[in-house]
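The values are calculated or read from the model by the stated rules, or taken from the named source; none is laboratory data. Just so we're clear, the structure is a prediction, and the values are computed from it rather than from any experiment. Glycine also receives a Cβ, built like all others from the backbone with ideal geometry; neighbour counts cover every protein chain displayed.
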Amino acid sequence: MAAPERPQQRPQRPQVVLEVIECIRLTPHLVRIVAGGPGISAVEDNGSTDAYTKMLFAPAEAGLTPPYDIERLREELPIELLPSTRTYSIRRFDLDAGQIWIDFVTHGDEGIAGPWAASAQPGDPVVLGGIGGGYAPDPDADWHLLAGDESAIPAIASALEAMPADAMGVALLEVQNASEQLELVAPAGIEVRWLHRGDSEAGTTDLLVDAVRGLDWRDGRVQVFAHGERGAMKQLRPHLTGERGVDRTQLSLSAYWAHGRREDAFQAEKREAIGQI
């Protein structure tokens, strides 16, 4: 019997190595990294307002210099010293200025990317493993619905800025309290509504789901962007496609994270029933 073929691994995207130019505290739990440097010439704006990148974070004690040869490092280093991958939205491409902006939700020492962003200094390496994305506001839509928690704020803010001046609709943004709100640039016809969950932990309430369900639904063709915690997105999909009849071609809905899961487990579960929406 012939030996079974080994599953082919996806080819690794070339890494883009930038450096921190500035670290800006936007709210108590939101930090913006402005990145640039010589490597910015390899960055292209893909036109998606939900553009994202797979970032690589190497433990300081590993003493690694990017770009990282991941396959070689897997053979040489224990797993705890390998670079970790985390997915983050690109808040803005400002390639004329030689910059991109990436916003990070921080929770003290929790996680990998958040603590890195909170303590980042100019000159620190910023390692990107490729840029993806697939949504941009449709200028021909009659109205827009955007919904998400803190993880979706960068993409929603970018979408609002890209909309035509006469765009209509509503943006629902879940945060802890008023201190986490941002001044967003949006068309006059887009209502930006902040939802406060208070002391409840992110990902443990139906606040965002209930807000979407309670909307006065408008006439005309709607384009929907709904991204955030996996449980909330699982509830919203049947409501939007079934009860509201949103055309799937006009719906961008996905989970950016899952309550109680680190990104490693979250990404692995996407291939299983529990992680599918």
Hey, GLU174 hits all of (1) in contact (Cβ under 8 Å) with a residue 12 or more places away in the chain; (2) in the same structural domain as SER41 (by TED's automatic domain parsing); (3) not β-branched (Val, Ile, Thr) but one; which does it fall short on?
(2)
Out of the range 15-69, which residues are in a loop (DSSP other than H, G, I, E, B), touching a Leu at 6+ places or on another chain (Cβ under 8 Å) and closer than 30 Å to VAL175 by Cβ?
VAL43, ASP45
Is at least one residue of the range 57-78 modelled with pLDDT of 95 or more, within 23 Å of ASP149 (Cβ to Cβ) and in contact with a strand residue (DSSP E or B) (Cβ under 7 Å, 6 or more places away or on another chain)?
yes
Looking only at the range 91-124, which residues are in a helix (DSSP H, G or I) and surrounded by fewer than 14 Cβ atoms within 10 Å (Cβ to Cβ)?
ASP96, ALA97, SER119
Considering only the range 70-91, state which residues are under 14 Å from VAL31 (Cα atoms) and not aliphatic (A, V, I, L, M).
TYR88, SER89, ARG91
Give me the residue from the range 202-229 that is among the charged types (D, E, K, R) and either surrounded by fewer than 22 Cβ atoms within 10 Å (Cβ to Cβ) or over 17 Å from the mean Cα position of the chain (by Cα) (or both) and, out of that set, nearest to GLU150 (Cα to Cα).
ASP206
Right, GLN250: in contact with a Pro (Cβ under 9 Å, 6 or more places away or on another chain) and surrounded by 16 or more Cβ atoms within 10 Å (Cβ to Cβ) or not?
no
Going by the structure shown, is ALA136 of a type outside the set (S, T, N, Q), in a helix (DSSP H, G or I) and either within 22 Å of THR53 (Cβ to Cβ) or within 17 Å of the chain's Cα centre (by Cα) (or both)?
no
State all residues of the range 79-90 that are over 23 Å from GLY148 (Cα atoms) and surrounded by 20 or more Cβ atoms within 10 Å (Cβ to Cβ); if no residue qualifies, say none.
PRO83
Could you tell me whether the range 206-222 includes any residue that is without any contact (Cβ under 8 Å) to a residue 60 or more places away in the chain, under 19 Å from ILE153 (Cα atoms) and among the small types (Gly, Ala, Ser)?
no
Is it the case that the range 142-159 has a residue that's out of contact with any Lys or Arg (no Cβ under 6 Å at 6 or more places or on another chain), part of a loop (DSSP other than H, G, I, E, B) and under 18 Å from ILE33 (Cβ atoms)?
no
Selection over the range 238-270 where residues are at pLDDT below 85 and among the aliphatic types (A, V, I, L, M) yields a count of 2
Filter the range 219-252 for residues that are of a type in the set (A, V, I, L, M) and in a strand (DSSP E or B) and give the result.
VAL222, VAL224, ALA226, LEU251
On the basis of being at pLDDT 95 or above, more than 22 Å from LEU56 (Cβ to Cβ) and loosely packed, with under 15 Cβ neighbours inside 10 Å, does ARG6 make the cut?
no
Only one of TRP194, TRP143 is aromatic (Phe, Trp, Tyr), surrounded by fewer than 22 Cβ atoms within 10 Å (Cβ to Cβ) and either over 23 Å from ARG221 (Cα atoms) or modelled with pLDDT under 95 (or both). Can you tell me which?
TRP194
